[in-house]
Every structure is written in structure tokens, then in C-alpha cells.
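Have a look at the structure below before the remarks.
The values are calculated or read from the model by the stated rules, or taken from the named source; none is laboratory data. Here the structure is a predicted model, which is why all the values come from computation and not from measurement. As a convention, Cβ positions derive from the backbone with ideal geometry for all residues, glycine included, and neighbour counts pool all protein chains shown. All accessible areas refer to the heavy atoms of the entire protein, side chains included, with ligands and DNA or RNA removed. Shrake-Rupley method; radii C 1.70, N 1.55, O 1.52, S 1.80 Å.
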Amino acid sequence: MKLGHRPRGTQPREEGAGGSDPQEGNVTRIPSREYTSTKLLRIAELARTGPGIVFTSLAHHIDIDFLREAHSRTRKDGATGVDGQTGRDYAQDLEGNLVSLLARFKSGGYRAPPVRGAEILKDNGKIRPLGIPTFEDKVLQRAVAMVLGAIYEQDFKPCSYGFRPGRSAHDALAALREEAMAMGASCWVLEVDIKSFFDTLDHGHLRGFLDRRVRDGIIRRVADKWLKAGVLKDGSIHSRTEGTPQGGVISPLLANVYLHEVLDLWFERDVRPRMAGRVRLIRYADDFVILFTSEKDARRVLEVLPKRFGKYGLTLHPEKTKLVEFCRPPVDRRADSARGPRSGTFDLLGFTHYWGRTRKGTWAVMRKTMRSRLARALRAISTWCRTHLHQRVSEQHRTLSAKLRGHYQYYGITGNYRALGTYLHWVQRLWQRWLNRRNREHSMPWPRFKTLLKRYPLPPPRVVHSVFRRACEPEPLTSRMR
């Protein structure tokens, strides 16, 4: 779509005009999604054709229709923020709320409310802090993220897969498997873990990175307010001078902008040309691995990587950052035993990656659910069964079935069928254990529970993602924006 093209049925408008509604006068109203997509396409096309352009006027694109579309894209059943307002509450006077939000945003009077502090348990037993914004804050963050995303999607490198349109964790996994299989007998994997990335992200460096592309005063001012918004925890507000809270709508985009400058561009500009062998970076948000065909290249990067990240206020986890020899074992089993220890393994995106034999006897890269992720999922099932013992069996069955299908949707990958079966087995065991404790007079021993399963069967394991699916390449501009 050419720059300056406007949807049929709308009045021509100046590029700098702000906040006008396409429903003014006798103008025929067009769907807000089409209207918003046209704006995003114009921004994206300008960013693509001018990689050095600095955008100084963007806020005028966010009008009432834009906010309406941002609201439609915002999850309505998420956790509530400090004001306790739900998506349903906000929708009761949606037009009035959006008009008020737009006026405060454009005038600079919008005050970012503190996020509600929450915590989740990590696989290693440590606590990961989360920040839950208010629903109105999520809507505005979504609108700003849509505008900034249209720009930065033209800049981001193909090695980045996290929180980008048309890309997913399984696309990253497919690219990783394809690259490791191509390197075959000479493959070294640098597994990297950034220590508390979202908590230590430096605001000064982030502002400098944003300056290279976006200098719109209104958008930059509200972005600074989100960065400085405190965290309400235990009845008091804790100020923040670094980091961006996980849980915010804008946080993934800001994280991608930060690591795009710190890692992706540096890797393409300075690292890859200096490597003697083949090298490939695969990143999903702050989780990434680098594959090498040369051990010497891998050790050179491992040596310089902590210095590069330390320059921007980030620290690599000394125990979780390691170099793994991930070479394909010999075809001959006798040569395999004579060689010594088998190829190593590494973890990424919830899967343990290893070399295994196919049914035809050939070696291939296999994936299975990480033990820590499997244990965490089962702990969550046990907690849910304990806290919902009062529900009818039919209601428990409905929820457990949904949880199993959700697990299969992500972990249902070729070669991981056994782990899926293990998960189903222990879900059944946990359900039976808690049903057995519900009523002493009517206990639920295993034989009786098996009869119950005939009436309320749980979904069997299902492979959803095939290894034959290739990693997606960047889609055409118009496909991603529509």
C-alpha cells in the first residue's frame, strides 16, 4: 500500500492532524480494525523505506478509533490492577472512558498508576516478581505498542522470535532444530541466561536506544511514566529506578528494543564477520542460544559476551551460561561407544534438546519437556485439585481437560509423546488422590477411580506441532499489519 493512501469513504486529513474521528459529519464509518491497519501500514512503510528516519510525530495516529481497536485487542479476563477494575467494568462506559483516556494522553495529564505486585514460583524455587497494570493502563500500553511495533518490526532481525506478530516459540524451536541438524557432526551450542533481565534493564540505555528511532514527545513522556511507575506491594508503593515489570503490555516490546541493540545488531555487525565457521543466533525475548560449527569461535564469543552485556548493565548467570558440545553421534554404534560420552544436552523454551535415534535408526535432534517444567505443571495441578475439592466431579473434569489440552498445545511436539503420557498419568494420579481425601465415607480407591474415568475420560496425549514444520520467515509487510 502506498504512503498517503486512505480507506474508501473517509475524508482527506492532514498528516499532523490529531484526534479527528472518521465518523464526523456524513462520512460513512469504516471498521476500526481496517482504519487502524491503514495507519499502521503507513507507519511501517515509512520505517521500512527509511531505516535512518527518526519519528518525531506519532501521537496523532492514536485517536478514538485507534484506542477502540487497542481495547478490542486487550485481554478482558486478566488479573486486575491496583484499582480492581475489570474489563467488564471498563466496558460499561467504554466510549466515555476512551474519550477521557485520549484527552489525558494527548494533554500530558495521564498519570501512570502503580502496578500491583505479584509473584510466581520459578523452576529453581526462586520467586519471579510480576507487575499487573490497571485495565485502562493496559489499553493505552497496547495502543502505544501497536504504533511502536509498526516501526520496530521493520528493524528487528530474523533471529528474534519473541512477542512478534507471525512468530512464536515453536518457530524458534523449529529454526533451532533445523540449524543443529544442518551443523550435524560439528555443532557447539552456547546456552546463555541473563540474570534478572527485566529487573535490571537500564532506563538510561533504553532511552538512548529509543532516541535513535522515536522522539515523539507525547509517546516518550508516557513511556517514561511507565518505566518510573512504582510497584504496590504489602500496602506500600516501591519506586523503581531500573527494570520494567513483567506483566505489562509494553514490556515485551521494550525488552526486544533493548536486546535488539545490545545483542542482535552487535552479533550481525561485529560477531558474525569475525567467525571462521558457521554461526547462528536464535533469541526468544531474553532467552537465547548461539550455535557454532567451530569450538574456537564459540569460546571467543563466550569470553567477550559478559563484557558486552556488562557494558549495558546486564549480568550473565555464571552457572546457567555454558558451552555445550552438541555434535551428532557417529552412525556406527561401535564407533559411538568407542568415542566416549554422548553429546551434551541443553534447555530452551521449556524443552530439553538432545540427539536421539529415529525409528529408522538415524540420529536426529529430539526435544522433551524439561523436568523442572513438568514438575512445576504437576504442582499447579495438585494445588488446583486441593483448592477445588468442593466442585462437582463434572466441573473438575471440564477444567482438568482444558488444562491438559493447553499443555498438549505447547508441549505436543514430535518426539515428546512419552513426556505427554507421563503428564497425563500423574494428572490422573493427583486427581484420584484428592478425590480420595474429599469424603472419608465415600473414598476413591484406584479401581473405583478407573471406573470414574470411563465416564469422565481425560484427553489423551496429542502431538500438535510436527518437526516437518519449518521456521517461519518474516511475512510480507501487509500480512503482518492486517
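Report whether or not ARG283 is in contact with a Ser or Thr (Cβ under 7 Å, 6 or more places away or on another chain) and modelled with pLDDT of 95 or more.
yes
Given the conditions (1) assigned to a loop (DSSP other than H, G, I, E, B); (2) surrounded by 12 or more Cβ atoms within 10 Å (Cβ to Cβ); (3) at pLDDT 50 or above, which single one is not true for HIS60?
(1)
Hey, among the residues in region 422-432 that are open to solvent by less than 50 Å² (accessible area, probe 1.4 Å) and touching a residue at least 24 places away in the same chain (Cβ under 8 Å), which one's farthest from PRO445 (Cα to Cα)?
The selected residue is TYR423.
Within 26 Å of GLN246 (Cβ to Cβ), in contact with a Pro (Cβ under 6 Å, 6 or more places away or on another chain) and of a type in the set (Gly, Ala, Ser), is that true of GLY87?
When the stated conditions are applied, GLY87 does not pass them.
Among residues belonging to region 433-464 that are under 19 Å from LEU374 (Cα atoms) and not in a helix (DSSP H, G or I), point out the one that is most open to solvent (accessible area, probe 1.4 Å).
Initially, region 433-464 is screened for residues under 19 Å from LEU374 (Cα atoms), giving 433, 458-464.
Filter once more, so that each one left must be not in a helix (DSSP H, G or I): 458-464.
Values: LEU458: 17, PRO459: 22, PRO460: 88, PRO461: 24, ARG462: 139, VAL463: 67, VAL464: 47 Å².
Among residues in region 433-464 that are under 19 Å from LEU374 (Cα atoms) and not in a helix (DSSP H, G or I), the one most open to solvent (accessible area, probe 1.4 Å) is ARG462.
Taking the stated definitions as given, is ILE282 open to solvent by less than 30 Å² (accessible area, probe 1.4 Å), assigned to a strand (DSSP E or B) and in contact (Cβ under 8 Å) with a residue 24 or more places away in the chain?
Yes: the conditions hold for ILE282.
Does region 4-27 include one or more residues that are at pLDDT below 95, open to solvent by 30 Å² or more (accessible area, probe 1.4 Å) and outside any loop (DSSP other than H, G, I, E, B)?
no
Wholly within region 160-272, which strands (runs of 3 or more DSSP E) include no fewer than the required count, namely at least 2 residues that are within 22 Å of VAL304 (Cα to Cα)?
The qualifying strands (runs of 3 or more DSSP E) are 188-193.
In this structure, does GLU95 turn out to be open to solvent by less than 30 Å² (accessible area, probe 1.4 Å), more than 17 Å from the chain's Cα centre (by Cα) and acidic (Asp, Glu)?
It is false that GLU95 is open to solvent by less than 30 Å² (accessible area, probe 1.4 Å), more than 17 Å from the chain's Cα centre (by Cα) and acidic (Asp, Glu).
Between PHE105, PHE66, which is closer than 30 Å to LYS157 by Cβ and open to solvent by less than 50 Å² (accessible area, probe 1.4 Å)?
PHE66
Residues checked against (1) of a type in the set (A, V, I, L, M, F, W, C); (2) closer than 29 Å to VAL289 by Cα; (3) at pLDDT 95 or above:
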| site | (1), (2), (3) |
| --- | --- |
| ILE151 | yes, yes, yes |
| LEU173 | yes, yes, yes |
| LEU176 | yes, yes, yes |
| LEU201 | yes, yes, no |
| ARG207 | no, yes, yes |
| GLY235 | no, no, no |
| HIS238 | no, no, no |
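Can you tell me which residue among ILE194, ILE219 is in contact with a Leu (Cβ under 8 Å, 6 or more places away or on another chain), farther than 20 Å from PHE55 by Cα and buried (at least 19 other Cβ atoms within 10 Å of the Cβ)?
Answer to the check: ILE194.
Taking region 377-389 only, how many residues are assigned to a helix (DSSP H, G or I) and surrounded by fewer than 16 Cβ atoms within 10 Å (Cβ to Cβ)?
5
Hey, can you tell me all the residues within region 390-421 that are surrounded by 13 or more Cβ atoms within 10 Å (Cβ to Cβ) and under 25 Å from THR345 (Cβ atoms)?
The answer is HIS407, TYR408, TYR410, TYR411, GLY412, ILE413, THR414, GLY415, ASN416, TYR417, ALA419, LEU420.
From GLY230, GLY243, GLY184, grab the single residue that is touching a helix residue (DSSP H, G or I) at 6+ places or on another chain (Cβ under 9 Å) and either open to solvent by less than 40 Å² (accessible area, probe 1.4 Å) or aliphatic (A, V, I, L, M) (or both).
GLY243
Run down ASP77, ASP137, ASP65 and say which single residue is acidic (Asp, Glu), within 20 Å of the chain's Cα centre (by Cα) and in a helix (DSSP H, G or I).
On inspection, the qualifying residue turns out to be ASP137.
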